[in-house]
Each structure stands twice: as structure tokens, then as C-alpha cells.
Amino acid sequence: MSKWFCCLVVITVLISGNVSSRESSGTGELDRQLLLLDRISYTPSLLPFIMDNIDYLELTPDQVKALNDWRTTNTPALLEKMHEVAQGRIELVDLTLSPNSTSQQLMQQQRRLSRLQEEILSYKLSCRQNILDTFTTKQWDTLQFLLTEHHMDSVR
């Protein structure tokens, strides 16, 4: 088995166990899940990083509430879509390895995954817009600086 397939299976197992318990999870658990699932999406999950840096970003209680309100409303559906992508990727691998699968079946599965990716992107863009609407220009600049530093630390 390839490393990619093994990694995908592990992520799917993590998702499967956590999606059903997401209602009872604290926000820290949701953040952890979103960060684990960033490999499913092409865009990063900004909200967990922001919530870890509330003080440094100098967020007001009203700003934190606006961000948490978005999270409460949208995260369960976002996690469900990410779970569908993980499952769909496993199905695509299975179809690819099956000698009985047709090219048409593989294309259909890929189109399904692309639609799901667009739905995930839609949620993430909604989150980004909420952040832009909530943050001051200075806070957005600080976030970009923090993300750059965080990325540089993870590369080192």
C-alpha cells in the first residue's frame, strides 16, 4: 500500500470517530479536527489559529463572539463535507485499483469530489469573509504576520 493511501485511511478513521461526536466536543476538539482535515481542503483553516492568538490579535469580546457564532453555525456541516471528501478519495482509490471499474466511473467520482471541494471552499470563503468583516486592518495585518512566522517555524 502506498503512503498516500495509508495516510488517507488514518485520516478517515479519525474523521469517522470524531464527526459523530462533534456535537459534544469542545471548541478545542473542533479546532484540532479542522487542522487535521486541512489536507482535505486546499485552503487553510484560519479560525483555529486565530482563536489560539486572541490576545496577540487584541480581539474584543464582540469580535470573539462573531467568530464563535460563525463556528457554531458552520463547523458541523464543514466537517461533514470534509468527511465526505475523505470517504470519496478512498472510494476513488478503490475504483482505480479495481480491474472492473470503467474510466467513466472514475471520472464521475472525480467530478463528485470536485463538487465537494467547491462546497468546502465555499464554507472557508464564508469564514474568511466573516474574519475580514470582524477584524480591523491592523488585526488582519497582524494575522498575516503571525501566519508567516508560524509557517516559517514549521519549515525550520
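Only the coordinates and a few stated rules stand behind these numbers; no lab work does. Note that the structure is a prediction, hence the values are computed from the model and not measured. Neighbour counts are summed over all protein chains in view; Cβ atoms, including those assigned to glycine, are modelled from backbone coordinates with ideal geometry.
Sorting the segments 64-71, 134-141 by their mean number of nearby beta carbons within 10 angstrom, highest to lowest, gives 64-71, 134-141.
One decimal place: the segment ARG112-THR73 gains 11.6 nm when fully extended, by the rule 0.36 nm per residue minus the C-alpha distance. Extending 7 Å from Cα along the Cβ direction at THR142 and again at ARG128 yields two label points whose distance is 2.2 nm.
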